[in-house]
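The values are calculated or read from the model by the stated rules, or taken from the named source; none is laboratory data. This structure is a prediction, so every number in the text was calculated from the model and none was measured. With ideal geometry, Cβ positions are generated from the backbone for all residues, glycine too; neighbour counts draw on all protein chains shown. These area figures cover heavy atoms from the full protein model, side chains too; ligands, DNA and RNA do not enter into them. Shrake-Rupley method; radii C 1.70, N 1.55, O 1.52, S 1.80 Å.
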Protein chains: 2
Amino acid sequence: MLALDVDPDANLAATLGFPDPEKIVPIVEMKELIAERTGVQPETMGIFFKLNPTVDDIRERFSVTHNGISLLVMGRIKKAGTGCYCPENAFVRELVGHLLLDEKDVVIMDMEAGIEHLGRGTSRDVDAFIVVVEPGRRSFETAGRVVELASELGVERHFIIVNKARGEDDRAFAEDFFSGKNIIGMIPYSEDVIESGKENSGIRIEDMTPINTIRDKLMKGVMNG
Amino acid sequence: MLALDVDPDANLAATLGFPDPEKIVPIVEMKELIAERTGVQPETMGIFFKLNPTVDDIRERFSVTHNGISLLVMGRIKKAGTGCYCPENAFVRELVGHLLLDEKDVVIMDMEAGIEHLGRGTSRDVDAFIVVVEPGRRSFETAGRVVELASELGVERHFIIVNKARGEDDRAFAEDFFSGKNIIGMIPYSEDVIESGKENSGIRIEDMTPINTIRDKLMKGVMNG
């Protein structure tokens, strides 16, 4: 599996328990290296992608692997108030697009919270959106906006996962709100998960059953869609 | 009090229990109106702000009021994949800057989650950052990045509020992580708040004591800073 951390507040490595996550250098900071190797200057990255649509080597060269998961960290915001990030975003969008097209493996992208990234279209080439919500009207409404904007990007498959669900009430509330549509599973609220979130070793999940069920359904849903 | 919702996933009106929140038209969609009134076209908004640095009338004309709170909703993402939002962001940044300078009242801005808005500098003119975290290493690390980026914007006062704190363990964990610095208060985990988050009438908080204490400390901290 290839995981892409596309959140500027990159913390997927830490969450997955990768050792020394702060030492992973994000892709957007490697432009010089990539330019060196391809002979194309960073400002003309668009051309690089036209000349070399295959980016298998990017995964090989820049990903880090832990517990069977390869991870590419896309970028971080390094300086406040530096203005327009659109060139960096365009670069990430192109790279992600090519990774999604070339990659034979399952690729999962961790996006930032909220809807802003949908304005940039970084995820326009995915097969499906997995929208993780918490039981609450605001979270559900945001999910509704995500689904709407995803459809505008041309991505028509959406799977909703209700996280931190506390029993039948939450299930009924979610099924009612979404009219039963698109909900692929619920992950129960767990003190264990919250406690492990204080540690330095990644999230520890004791009962993987709900997550494994969701994973199987997802694989089926994406393949058959 | 003037509240600014600067999150593209605007839901402050709904959270505060404003009636018909979906009917509030965001400021960025009123460019034509503003242009009409000032005689300046939207593309030249920068000039408008130079000619008319006073924006008291923007509050009067466009804010909605409920329970003593005036609210301005800045904008929403309306279409997916439309690319560069920098002109809109520049407009919002100028407007917010002038509102913060002119306004005699307390102004609170609700930013989007994460750190991306700090790259745009929308909040460069505030007196202080209030960073709301939940007990967990990832959330605390994000708060650390927010504080760092806020300092780069020239904002040196930072107050951390630990939300959904579940007793002494969480307090000790937070105080240890932040070395006791900057934590201005804790809001206890509450099933009531979560339940009220399912309703259509805004968040209902039964015990306001922790929040009132935080408010008093904040007012003192910002005034004396």
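What the table below lists for this structure:
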item	result
Entirely in region A:21-105, the helices (runs of 4 or more DSSP H) that have 1 or more residues that are of a type in the set (Gly, Ala, Ser), at pLDDT 70 or above and open to solvent by less than 40 Å² (accessible area, probe 1.4 Å)	A:86-102
Hits in region B:107-118 - residues which are in contact (Cβ under 8 Å) with a residue 24 or more places away in the chain and not in a loop (DSSP other than H, G, I, E, B)	B:Val107, B:Ile108, B:Met109, B:Asp110, B:His117, B:Leu118
Lone qualifier among B:Glu206, B:Glu191, B:Glu195, B:Glu199 - being more than 17 Å from the chain's Cα centre (by Cα), within 30 Å of A:Arg166 (Cα to Cα), away from chain A (no Cβ under 14 Å) and open to solvent by 40 Å² or more (accessible area, probe 1.4 Å)	B:Glu206
A:Phe159 being over 30 Å from B:Arg137 (Cβ atoms), modelled with pLDDT of 90 or more and open to solvent by less than 70 Å² (accessible area, probe 1.4 Å)	no
Test: residue in region A:108-115 that is among the aliphatic types (A, V, I, L, M), within 10 Å of another protein chain (Cβ to nearest Cβ) and open to solvent by less than 30 Å² (accessible area, probe 1.4 Å)	yes
Residue that is farthest from the chain's Cα centre (by Cα), among those in region A:209-225 that are open to solvent by 60 Å² or more (accessible area, probe 1.4 Å) and aliphatic (A, V, I, L, M)	A:Met223
Qualifying residue in region B:125-138 (condition: assigned to a helix (DSSP H, G or I), more than 30 Å from B:Leu95 (Cα to Cα) and either out of contact with any strand residue (DSSP E or B) (no Cβ under 7 Å at 6 or more places or on another chain) or open to solvent by less than 70 Å² (accessible area, probe 1.4 Å) (or both))	yes
Filtered residue count, region B:183-217, keeping only those that are in contact with a Phe, Trp or Tyr (Cβ under 6 Å, 6 or more places away or on another chain) and over 22 Å from A:Arg137 (Cα atoms)	1
In region A:129-180, the residues that are at the interface with chain B (Cβ under 10 Å from one of its Cβ atoms), touching a residue at least 12 places away in the same chain (Cβ under 8 Å) and under 18 Å from A:Val193 (Cβ atoms)	A:Glu134, A:Pro135, A:Lys164, A:Arg166, A:Asp170
